[in-house]
Amino acid sequence: MRTMTWAARGVAALSGVALAGTLLAPAASAHPGPDPKAPAKQAVKKPVKQAPKPASSLPAPATEQGAGEQSSDGSCRTSRDVSSAVVDYAGTGLFETVFRSATDNQGHAFLNDSRNPGVWINLALVANAPGCVYDTTVAVTEESPGHLFITLLADDGTLHQATCTTTNNVPFTPSNLRTACAPGFTALADTPV
């Protein structure tokens, strides 16, 4: 029994020393920057400047990654985006209905109602929808009839919002979306662009 007590004390003491060494070692070995005693590096030669290229030969300026832009042929190029909202109030027939919005890389925006699986509705069907959409988001209220808010960020930085009426037994389809979202998209005032 005595041997175990001494062994336990030895292990505890060794662990304490190892822990103290671990805690002190990083501070002692930390180095704040370049070694002041190291030999100086040789100067790097700078390349000779060339005459500027004419503007017509320069590449187009880079846009923010994923930002919508109009190409030279007038088409829209954006990144893809997805957003969703779910009704989580069990007191309505809309419980667990998921509304999804998405954009493709040509700037088109789409809406999906989980009660109508596999159907993606082009939001260009809704009046005043922007033509080149960079980003989209959806939000939904919990009652029936309730509201689905669809917000689109146009390539010019302006936000456009449509408020659509939701009902228990009528999923959104291409034929009823325009009426459900009347009067359509409106630009939100004072969008910080």
So Glu142 passes all but one of these: (1) open to solvent by 10 Å² or more (accessible area, probe 1.4 Å); (2) in a strand (DSSP E or B). Which condition number does it fail? (2)
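For the stretch 167-182, which residues satisfy the criterion of being hydroxyl-bearing (Ser, Thr, Tyr) and modelled with pLDDT under 95? Give the steps one after another, and end with the answer.
We begin by selecting, within the stretch 167-182, every residue hydroxyl-bearing (Ser, Thr, Tyr); these are 167, 173, 175, 179.
Correct list: Thr167 only.
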Looking at Ala154, is it surrounded by 18 or more Cβ atoms within 10 Å (Cβ to Cβ) and at pLDDT 95 or above? no
How many of the residues making up the stretch 161-193 are under 18 Å from Ile121 (Cβ atoms), of a type in the set (S, T, N, Q) and open to solvent by less than 70 Å² (accessible area, probe 1.4 Å)? 7
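The values are calculated or read from the model by the stated rules, or taken from the named source; none is laboratory data. None of these values were measured; they are calculated from a predicted model. Don't worry about glycine lacking a Cβ; one is built from the backbone with ideal geometry, like all the others, and counts go over all protein chains shown. When the accessible area is computed, the model is the full protein with side chains, heavy atoms only, and any ligands, DNA or RNA have been set aside. Shrake-Rupley method; radii C 1.70, N 1.55, O 1.52, S 1.80 Å.
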